[in-house]
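Single-structure report; data block below.
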Amino acid sequence: MNDNVPVVNSWNEWDPLREVVVGSATGACFEPTEPGNRPQRRGSASGTPFPTGPKPSEATEKADEELAGLAALLQSQGVTVHRPAPMNFGQRLETPTFSVENQYCATCPRDVMITIGNEIIEAPMSRRARYFEYQAYRDIVYRYWNADDRVRWTTAPKPSMSDAMYRSDFWDWPIEQRHARMHSSEFCVTQDEVVFDAADMSRFGRDIMVQESMTTNRAGIRWLKRHLEPHGFRIHPVHFPLDYFPSHIDCTFVPLRPGLVLTNPDRPIESSEAKMFLDNDWELVDAPPPVLSNDEMPQYCQSSKWLSMNVFSISPEKVVVEQRETPLQDMLDRLGFEVYTVPFRNVFEFGGSLHCATWDIHREGTREDYFPTLTQSLPV
Ligand code: DAV
């Protein structure tokens, strides 16, 4: 690696990948019902109670096999892969402001950890069961932090996660009420404390998109603005008004290389927010329909069928897509990408697909300005 570049260095979602963390399903528990989350079974079992406690070893073993397959593919591309430390997710949490029966897993580092240039940020998180998830990555963070004093490390303020932080009736709102209230971005977390999950961010060099969602509130976006803008970044809140349950941006708006974003046809970006992309000659290309319907997703999976577009870039030319998503593979092939595939459906019930299950720590490249019209419009 080039000695002049800090060991932590990742400015966008697509530059050539050198070091990454791939999550693990080992020791995972079912996500508990809590004010920030109401897990439901899918398909014919919907309506029957959601299981609690540790996931069966058969499920975690199948997911771990697929995660190992992703790790092996990345290694074969010359990428250094790290894995999270084991944690006891079955442990009940009792804190001064909340308690929860068990924790979740370390399958989706993307939700908790983010690299912004030479800085690692640990997100506050929005759910009780995920409050301590950052601990699975602390050994990794310390290794980088000890190795290079140019590495910045920030842990964002932890919210109380007390009952008052949530709108407890959110999950029962009828769809009309949800529609009416989402235009003021009212979801299950209130605006009183700083709340964000790292996966609501998408990095485009100087510019970072942050989705306002069930997992990221306006105070969270304000915190990111105040923290990052003095260091030369621009934070852009983004909204996808047809998504009634927005959580994490990476099944909705997925940049693949400079000038190209994979978009979700069910969830177009707010038109005023599309402007900066169109003004700077970015193409927004809709993903094809996913192979599975929402009802066909694995029974305990809480994500939508749009996990199909949760792809992971090895470089601006190479992208990893879930093995059975052939319509998307064909489209990316036509767009000039070299498409790599791995089976990953057994990971879905652990919180996501390929982008969710990774956290890139080192990509080649530097911070670039992909939106020159924004810079030109700055006062001189
Ligand atoms: O579309 O269901 C899932 C994101 C998982 N981390 C969706 C978003």
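The values are calculated or read from the model by the stated rules, or taken from the named source; none is laboratory data. Being a predicted model, the structure only gives us computed values, none of them experimental. Counting neighbours? That spans all protein chains shown, and the Cβs are built from the backbone with ideal geometry, glycine included.
For region 310-323, state whether one or more residues are closer than 18 Å to D200 by Cα and in a helix (DSSP H, G or I).
The answer is no, given that none of the residues of region 310-323 is closer than 18 Å to D200 by Cα and in a helix (DSSP H, G or I).
Quick grid of which residues meet (1) among the charged types (D, E, K, R); (2) in a loop (DSSP other than H, G, I, E, B):
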| residue | (1), (2) |
| --- | --- |
| P157 | no, yes |
| M161 | no, yes |
| W171 | no, no |
| R178 | yes, no |
| E186 | yes, yes |
| E193 | yes, yes |
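Taking G69, is it in a loop (DSSP other than H, G, I, E, B) and not hydrophobic (A, V, I, L, M, F, W, C)?
It is false that G69 is in a loop (DSSP other than H, G, I, E, B) and not hydrophobic (A, V, I, L, M, F, W, C).
Residue by residue through region 350-378, note down the ones that are part of a loop (DSSP other than H, G, I, E, B), more than 16 Å from the ligand (Cβ to nearest atom) and of a type outside the set (G, A, S).
E364, T366, R367, E368, D369, Y370, F371, L378
Name the residue that is farthest from G117 (Cα to Cα), counting only residues in region 177-207 that are crowded, with 19+ Cβ neighbours inside 10 Å and of a type in the set (V, I, T).
Ranking the qualifying residues of region 177-207, first place goes to V189.
Of the conditions (1) in a helix (DSSP H, G or I); (2) in contact (Cβ under 8 Å) with a residue 40 or more places away in the chain; (3) surrounded by fewer than 20 Cβ atoms within 10 Å (Cβ to Cβ), V347 satisfies every one except a single condition; which number is it?
The single condition V347 does not satisfy is (3).
Considering only residues of region 214-263 that are acidic (D, E) and within 14 Å of the ligand (Cβ to nearest atom), which is farthest from P316 (Cα to Cα)?
D243
Suppose we filter region 300-309 for residues that are more than 8 Å from the ligand (Cβ to nearest atom) and within 17 Å of N37 (Cβ to Cβ); how many remain?
Qualifying residue count, region 300-309: 2.
Just a yes or no: is a residue in region 208-224 surrounded by fewer than 22 Cβ atoms within 10 Å (Cβ to Cβ) and of a type in the set (S, T, N, Q)?
no
Please state which of the following conditions D333 fails to meet, knowing it meets all the rest: (1) crowded, with 16+ Cβ neighbours inside 10 Å; (2) in a helix (DSSP H, G or I); (3) charged (D, E, K, R).
(1)
Against the conditions (1) modelled with pLDDT of 95 or more; (2) among the basic types (K, R); (3) under 30 Å from Q91 (Cβ atoms), where does R167 fall short? Just the number, please.
Condition not satisfied by R167: (1).
Check off (1) part of a loop (DSSP other than H, G, I, E, B); (2) within 29 Å of V320 (Cβ to Cβ); (3) away from the ligand (no atom under 16 Å from the Cβ) for D266 and give me the number that stays unchecked.
Result: D266 passes all but (3).
Can you report the number of residues in region 130-163 which are under 23 Å from N4 (Cβ atoms), in contact with a helix residue (DSSP H, G or I) (Cβ under 6 Å, 6 or more places away or on another chain) and not aliphatic (A, V, I, L, M)?
So the count comes out to 1.
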